[in-house]
Each structure stands twice: as structure tokens, then as C-alpha cells.
Amino acid sequence: MEKHIFLLILVFLVQFHSSYSNETDQQSLLAFQNLITNDPSHFLANNWTKNTSFCSWFGVTCSPKRQRVVALTLPNLQLQGTISPYLANLSFLIELNLENNNFHGDIPYGIGQLPRLRVIDIQNNQLQGSIPISLFQNRRVQIISLAFNKLSGEMWKGTWYVPELRVLNLRNNTLIGIIPPSIGNATKLMNISLNGNRINGNIPKEIGNLSQLVELSLSRNQLTGSIPSTLFNVSSLLVVSLAFNSLSGPLLLDDQRNILSSNLEHLGVSYNQISGHIPSNICQLNALKVLSISFNNITGEIPRNIDCLAKLEEFYTGYNLINGTIPTSLGNISTLQKLHCGNNRMVGELPPELGKLSNLNQIDFKENYNLIGEIPNAIFNISSLEFIDLSFNSLSGRISNLLHLPNLIQLLLSNNKLEGEIPRKSSRAARTVPTS
């Protein structure tokens, strides 16, 4: 008898707790609504009413059995206001998506403490203040997307406790501080986007521990030091974007014993202080489609076997100290579309093999000053060419065969030793008259 009474009491307490919790969810949502100062589409004003179940409200998803809020998704509604701290009472919340609105103010600390949170996406708003430390101590969160806001303060530099984190997108804020070495503990990270902040210090070598990393975007920051060699050992890596920083040291360690990521497709390190030469082991990156190393202090020659990068589509080496002749092997890279090698110290002639690049639409060898000889007629047979800049060299001979360039938009040949006139039928071209 006593056991039977105990069970009845237990059932009553569970039911009471469930009812109370449901009421808490509703109160939390209403508190969130109360801080909305502008709802242009009237989705909340017309739909979030007390005489209907909150589980049927626009943007609210509940679990079928417990009737608890598991998702609040209100993107692209131009909502204005602040984010209510009472959202932290939605203890079953898995996804919070408020992207592309006009929320301002801070991110409530308690949101990072939600025990079931998997996704927080509040990008493209006007949020200010620092990122709550609690977000980087959440053991279940998988996606943190806070890009395109006005967040400031230091990135969390303590020990990270985000073992399930897959995506970290904090780009285009005003964050400062360093990338903590403990980022290497988030071993499931696939995408790190920190572009357009004020982050300083070194790129921690511990990033090499992220064996599932696909994209690393750290451009437009204030990073210093060398590029860690461990980064190029991550076999899953497809994109590395480090442009517009103050990185120094070599592009890659010229060590054939290193096995570099053969899957890397995009390597961008322009606008840094990278020195040294283009190493021979770059051939291990044989899946590269974009190699962008412009505006650095790179010396030496373009490797004679550069055609080992057989899938290369865009090759940017401008504004360096590269010397030597143009390798004929460039003509073997049939996929090449953009070839920019201007503002270097290259010498010799333009190889006729460049005429084999049937997909080329941009070619730039300007301001090398010591390129000589005639422009190969084969180049003027590349019908896909839209942009040619060979200005400020010592090229000679007559201009001819421009009628074969139906897509040409801009032709820059000034400050050479060329002769002749540009045919009138090349009317699409924004032409610069060659001068001696």
C-alpha cells in the first residue's frame, strides 16, 4: 500500500514538473518577444499569442513527447531589439538561429550554458560586447556562427572545452587577442573562419591536430610569426586563406620528408612578409587550383617543373622579388585561367608555350622591366583572353594578330619597344597605346 502511494506521488511530481517546465518555456519566449522593438513582418505580433500553444508559434519547434522548445529559428525577419537572457531558461534548446536580423547588445552569458545546445547562429546582426566564455566551455555545441557583427574583446584564451565543435565562424567582427593553442583540443573542427578581425600573435602549431579540418580562413588580421608546418600535414584540408597579415618566414619548409596535404585546393598568403623561394616540395600539393603568394618578399625562380601543379587555375606571384626566366612548363598547365607574375625581376623572353593555355583569360607580366623579344603570336591566338598587361618591359617587334582576341577587354602594352597599330576591329578592348 505504501509503495502504491509512493508511486502515485512520484507520477504527480513528474507531471507537475513537466507542466511547470512547459510554462517556463512559454514565459521565456514571451520575455524574448517583449524585447523586440521592431517586427516589420508582424510574424511574432500576429502569431505569438497566449491563446495558442507556444509549440505552434512561428519559428518555434518543440519535442513531440515533452512539448519542450528544441529550436528557435527566426532568420531574415529584420527583427530589432536585444536578445533576452531568459532564453537561457529553454533548457531543451538545441538550435538558436537569429541570423540576418538587427539584434544589438550583448550575447547573454547563459545561452552558452544551455546543456543541449548544438547550433548557435546569430550572424549578420549588430551584436556588441565580448563572446561569452560559456560558449567555449559547452561540451555539445557543434556550430558557433557569430560572423558579421560588432563583437569585440579577446577571443577566449583559456582551455577550450568544445569537443563536438565542427564550425567556428567569427569573421568580420573586431575581436582581439590570440588564437589559443587549446583550439587543438577541438579535434572535430572542420571550418575555422576568423577573417576580418584584429587577432594577433602566432598561428598555433596545435591547429595541425585538427585532423578533420577542411577550411582555415584567417585573412585580414594582425597575425605574426611563421606558418606552422604542421598545418600542411592535415590531409582533409582544402582551403588555407592567410592573406593580409604580417606573417613571415618561408612559404613551406623545403623538406621532401614532409608529406604535405595532397588535397589542398586553395593556398592564399598574399599581402604578408613571406620570404624564401617557392620550394620544390610544393609539387606534393598537386590538387592546388589557386596559389596566391603576391605582395611578399619571395625570391628565387619559379620552379622549372611548375607543371607538377597540373590542376592549377589561378597563379598569383606578383609584387615579389622573383627572378630568372619564365618557365616553358607553364604552358603545360591546361587548366590555367589567371596568370599574374607582374612586378618582379624576371628576365628573358615570353615563351611561345604560353600560347597552349587555351583557357587563359588573364595574363600579367607588367613591370618586370627586363623581359625582351617579341610577343609570341601564339598568345594572340588564345580566344578566351580578356586582360593582357605586359607594360613596362623591354618587349620589341610589331603588334599583330589582335583580331583573334574577340573577348579582349583590356590591353596594356605601354613602356615597351613595340611598333605598329592596334587593329580597329578589336573594339572591345580598352586599349593603351604602346610607347617606345
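Of note:
- Residue check: residue 224 meets all listed conditions (1) open to solvent by 40 Å² or more (accessible area, probe 1.4 Å); (2) at pLDDT below 95; (3) of a type in the set (Ser, Thr, Tyr) but one, namely (2).
- Filter result (open to solvent by 30 Å² or more (accessible area, probe 1.4 Å), at pLDDT 90 or above and either hydrophobic (A, V, I, L, M, F, W, C) or under 17 Å from residue 314 (Cβ atoms) (or both)) within the range 385-411: 386, 387, 392, 409
- Some residue of the range 115-123 being surrounded by fewer than 23 Cβ atoms within 10 Å (Cβ to Cβ), among the aliphatic types (A, V, I, L, M) and more than 15 Å from residue 186 (Cα to Cα): yes
- Apart from one condition, residue 131 fits all of (1) surrounded by 15 or more Cβ atoms within 10 Å (Cβ to Cβ); (2) touching a strand residue (DSSP E or B) at 6+ places or on another chain (Cβ under 8 Å); (3) assigned to a loop (DSSP other than H, G, I, E, B); the exception is (2).
- Among the residues of the range 394-421, those identified as within 19 Å of residue 331 (Cβ to Cβ) and free of Cβ contacts under 8 Å to residues at least 40 places away in the same chain are 401, 404, 405.
- Any hit, the range 348-356, residues being in a helix (DSSP H, G or I) and out of contact with any Gly (no Cβ under 6 Å at 6 or more places or on another chain): yes
- Within the range 71-114, being part of a strand (DSSP E or B) and surrounded by 19 or more Cβ atoms within 10 Å (Cβ to Cβ) holds for 72, 96, 97, 103.
- Within the range 161-182, the set of residues being surrounded by 19 or more Cβ atoms within 10 Å (Cβ to Cβ) and in a loop (DSSP other than H, G, I, E, B) comprises 162, 165, 170, 171, 172, 173, 175, 179, 180.
- Residue satisfying condition, being under 24 Å from residue 106 (Cα atoms) and either of a type in the set (S, T, N, Q) or surrounded by fewer than 20 Cβ atoms within 10 Å (Cβ to Cβ) (or both), within set 185, 202, 195: 195
- The range 207-218, subset of a type in the set (S, T, N, Q) and out of contact with any Gly (no Cβ under 7 Å at 6 or more places or on another chain), residue nearest to residue 178 (Cα to Cα): 217
- For the range 292-315, the set of residues classified as assigned to a strand (DSSP E or B) and closer than 19 Å to residue 248 by Cβ consists of 292 only.
- Residue ID - modelled with the lowest pLDDT, chosen from residues in the range 259-277 that are over 16 Å from the mean Cα position of the chain (by Cα) and open to solvent by less than 10 Å² (accessible area, probe 1.4 Å): 261
The values are calculated or read from the model by the stated rules, or taken from the named source; none is laboratory data. None of these values were measured; they are calculated from a predicted model. A quick note on method: Cβ atoms are made from the backbone with ideal geometry, for glycine too, and the neighbour counts reach across all protein chains shown. For accessibility, only protein heavy atoms count, side chains too; no ligands or nucleic acids. Shrake-Rupley method; radii C 1.70, N 1.55, O 1.52, S 1.80 Å.
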